[in-house]
Amino acid sequence: MSLFNSLVVATLPIIPKKIVKSVAQRYIAGDTLADAVRVTQQLMAKGACSTIDVLGEFVSSRERAVTETASQGAVLDAIRDNGLNSYLSVKLTSLGLDIDRDFAYANLRGLVERAASFGLFVRMDMENTPYTDVTLDFYRQLRRDGFDNVGVVIQAYLHRSEADIRGLLDYAPSVRLCKGIYVEDASVAIKDPEGIRHNYRSLLGLLLSSDARVHIATHDEALIVDAERQVAMQRPTGNNVEFQMLLGVREDRRDTLIRNGHRVRIYVPFGDDWYGYSTRRLKENPQVAGYVAKAVLTGR
């Protein structure tokens, strides 16, 4: 990251939200579910599929959690009603995990059951490490309850991730493997970028050598190239493997992966709770700092 980009990223908290939003729009489908449907249809026309996420997390009231759960149920309805090649991504804190564990699990189970009745899938997003154990516990409980239309996320920057994967393999799980984006202490997370890449490659090899359904979520070119190599060696037919990317990021690479015969899924967030998500994306992708600076200087 250049010094200029570092300075722009560091000043994000004092940049007016309307300017951040003008830049972040590339990462977000829009404010409404109709926007997410429209973007998914556009992606389908390009040969990609999607996972739709209602922006919002760390909900602190039961009323808000009920509202968020209903919004995510509406996503499942829209996927079914519009024949979308998509599934639902959900954060457990949006379902009330910080309020009551049983309450959150009931909300999640209801969504997974509804999805199963439509022949659809639900991905539990992984949040920061205070929620790792409970997220994996919820996954195991859902599988014990008879649901196989649900998946988890493993973050390669965590020291614990290999043990977590090994603890899931008996379920032949659906795993999205990503680097990880939350700020974590060195006691729980690898801080060196090359160390994270090394762990990612190792974890991907472990998943590909198992019966897991493997979802390779990265924009890192070195990791994409290595993933293509590992897939060609271990799963040459591409069985139960797909690449995943964020909306608005590396679209040319997305198209190349599709042309190379890979299944590609794009993360499509929508909603009015966009600021936290957008600033994390901007910090993760500092190359767009120039767009932020231009927006500050020009006022648009």
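Derivation of every value follows stated rules applied to the coordinates shown; laboratory data play no part. Note that the structure is predicted; figures quoted are calculated from it, not measured. With ideal geometry, Cβ positions are generated from the backbone for all residues, glycine too; neighbour counts draw on all protein chains shown.
Each DSSP beta bridge with both residues in region 29-273 is either parallel or antiparallel, and the antiparallel ones are about 5%. Couplings 3J(HN,Hα) of region 113-119, computed from phi: 5, 4, 4, 4, 5, 9, x Hz, in residue order, whole Hz [Karplus 6.51 cos²θ - 1.76 cosθ + 1.60, θ = phi - 60°; x for Gly and Pro].
Across region 106-143, no residue has a backbone nitrogen under 11 Å from the label position 7 Å along the beta-carbon direction of residue 71.
Other residues with beta-carbon under 10 Å from the beta-carbon of residue 242 carry, at +1 per Lys or Arg and -1 per Asp or Glu, a net charge of +4. Packing, as the average of other Cβ atoms within 10 Å across residues, places the peptides 148-156, 31-39 in the order 148-156, 31-39, highest first.
Computed from the Cβ-Cβ distance with R0 of 41 Å, the FRET efficiency linking residue 25 to residue 101 stands at 0.70.
The mean sequence separation of alpha-carbon pairs under 8 Å and at least six residues apart, normalised by the residue count of region 69-156, gives a relative contact order of 28 percent. Spatial offset of region 219-255 relative to region 30-93 amounts to 24 Å, using the alpha carbon center of each.
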